[in-house]
Amino acid sequence: MQQITVVGAGVMGKGIAYSSAISGFKVFLNDISEEALSKAKSDIEKLLSGSAERGFITQEQHDSAVQNLVYTTDLTEAGKDADLVIEAVLEKMDLKIKVFQQLDEICKKDAVLATNTSTMSPTEIAAQTSRPGQVVAMHFFNPVHKMKLIEVIKGLETSEETVAYVRKVTEQLNKEMVEVNEFPGFVTSRMNCLIGNEAMNMLMEGVASAEDIDKAMKLGLNHPMGPLELADLVGLDTRLRNMEYLHATLGEKYRPSPLLVKYVKAGRHGRKSGSGFYDYS
Ligand code: NAD
């Protein structure tokens, strides 16, 4: 049985761990925070039992997923036998590099190391390891158990063997992949961040209410979610870090909306904090 280790048990990490566990992988989920890890465990178990009750997964899938999931704050225990590590810590380059350097020491020589970054450079991360050919970005989408796509981003040194391996994992996860050559923001974040930022600027300018901006995009342009409700789902702190990186790398049109900056300063981080552009209390 192949082992996937997920580092970071927040919004994305727990979703990736859930999807991997129901797809027959042994899964280690790691976080530095005991609190994040126990919240992830209870969220994953709730999702597993709800999915089994509603028939989205079989009882057998449920039981083996529960058995195959290990939660630990010990990165060495989590990483030493992994075939694939998917990093989902905060969107901060220095933090990601630190995690990859540790993983490079801990993991088997043939293990593939992937980052779930939304915007950043897998080449820059890979260069800090001894295995740049085995480093790649696997960009999952939120909520992971519902979203079909994995955007696979090849760094400068990512080998074709690594891409082929990731393709096999993607198939086993019952997802679809697109292959992208590295450029800041890839395909999806570059497009999505711009739409979201424009919606925030419109709200700030008083062009329309949050509800009407979202409704216009859903009913007029056939988007399944409005850009403001989507930003709340992503997490406004995460979105701000994405915008800051894109602003630094792609220029002025990605300057974060002052409204986004203000909300993050106020602690309005979207759904996960109870309020953002909408109130979830
Ligand atoms: P989050 O804030 O919900 O979770 C991050 C987790 O990482 C926290 O639980 C934190 O305790 C943990 N962490 C921090 N430092 C760590 C370390 N050294 N070792 C282990 N764990 C550590 O963030 P998120 O929304 O899950 O985002 C994670 C990554 O996924 C980011 O790179 C983000 O850009 C990307 N991403 C997010 C979304 C989204 O919709 N939220 C979608 C696609 C990709």
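Any idea which residue in the stretch 1-23 is nearest to the ligand (Cβ to nearest atom), counting only those that are in a loop (DSSP other than H, G, I, E, B) and crowded, with 24+ Cβ neighbours inside 10 Å?
Restricting attention to the stretch 1-23, the residues satisfying the condition of being in a loop (DSSP other than H, G, I, E, B) are 1-2, 8-10, 23.
Then drop every residue that is not crowded, with 24+ Cβ neighbours inside 10 Å, which leaves 8-9.
On the way: G8: 3, A9: 5 Å.
Checking each candidate, the answer is G8.
Filter the stretch 166-180 down to residues that are out of contact with any strand residue (DSSP E or B) (no Cβ under 8 Å at 6 or more places or on another chain) and of a type in the set (D, E, K, R) and give me whichever is surrounded by the most Cβ atoms within 10 Å (Cβ to Cβ). Let's see the steps before the verdict.
To start, the set of residues in the stretch 166-180 that are out of contact with any strand residue (DSSP E or B) (no Cβ under 8 Å at 6 or more places or on another chain) comprises 168, 171-172, 174.
Next, from what is left, pick out any that are of a type in the set (D, E, K, R): 168, 171.
Working: K168: 10, E171: 12.
Step by step, filter the stretch 166-180, then rank; the result is E171.
Please find, among T58, T115, the residue that is over 19 Å from E182 (Cβ atoms) and hydroxyl-bearing (S, T, Y). Let's see the steps before the verdict.
Details: T115 fails: over 19 Å from E182 (Cβ atoms).
None of the other options fit; the residue is T58.
With D232, D214 as the choices, which residue is within 11 Å of the ligand (Cβ to nearest atom), of a type outside the set (K, R), under 25 Å from F140 (Cβ atoms) and not assigned by TED's automatic domain parsing to the domain that holds K14?
On the way: D214 fails: within 11 Å of the ligand (Cβ to nearest atom).
On inspection, the qualifying residue turns out to be D232.
Considering the stretch 234-277 alone, what residues qualify as being in a loop (DSSP other than H, G, I, E, B) and buried (at least 17 other Cβ atoms within 10 Å of the Cβ)? Spell out the reasoning first.
First pass over the stretch 234-277, keeping only residues in a loop (DSSP other than H, G, I, E, B): 235, 251, 255-257, 266-269, 274, 276-277.
The answer is G235, P256, S257, R268, H269, G276, F277.
Within the stretch 135-178, work out how many residues are under 13 Å from the mean Cα position of the chain (by Cα) and of a type in the set (S, T, Y).
The total comes to 0.
If a residue must be aliphatic (A, V, I, L, M) and within 20 Å of Q2 (Cα to Cα), how many such residues does the stretch 83-128 contain? Can you show your working first?
Step one: list which residues in the stretch 83-128 are aliphatic (A, V, I, L, M), which gives 84-86, 88-90, 93, 95, 97, 99, 103, 106, 111-114, 120, 125-127.
Within this subset, residues satisfying the condition of being within 20 Å of Q2 (Cα to Cα) are 84-86, 88, 103, 106, 111-114.
Of the residues in the stretch 83-128, 10 are aliphatic (A, V, I, L, M) and within 20 Å of Q2 (Cα to Cα).
Regarding M191, is this residue assigned to a loop (DSSP other than H, G, I, E, B) and surrounded by fewer than 16 Cβ atoms within 10 Å (Cβ to Cβ)?
Details: assigned to a loop (DSSP other than H, G, I, E, B): no; surrounded by fewer than 16 Cβ atoms within 10 Å (Cβ to Cβ): yes.
When the stated conditions are applied, M191 does not pass them.
Can you name the residue in the stretch 122-150 that is under 20 Å from S19 (Cβ atoms) and surrounded by fewer than 20 Cβ atoms within 10 Å (Cβ to Cβ) and, of all such residues, is nearest to the ligand (Cβ to nearest atom)?
If we filter the stretch 122-150 for residues that are under 20 Å from S19 (Cβ atoms), which is where we start, we get 136-150.
Within this subset, residues satisfying the condition of being surrounded by fewer than 20 Cβ atoms within 10 Å (Cβ to Cβ) are 141-143, 145-149.
Details: F141: 6, N142: 3, P143: 8, H145: 13, K146: 12, M147: 9, K148: 14, L149: 10 Å.
Top of the filtered list is N142.
The values are calculated or read from the model by the stated rules, or taken from the named source; none is laboratory data. What you see is a predicted model, and the numbers here were worked out from it, not measured in a lab. Cβ atoms come from the backbone with ideal geometry, glycine included; neighbour counts cover every protein chain shown.
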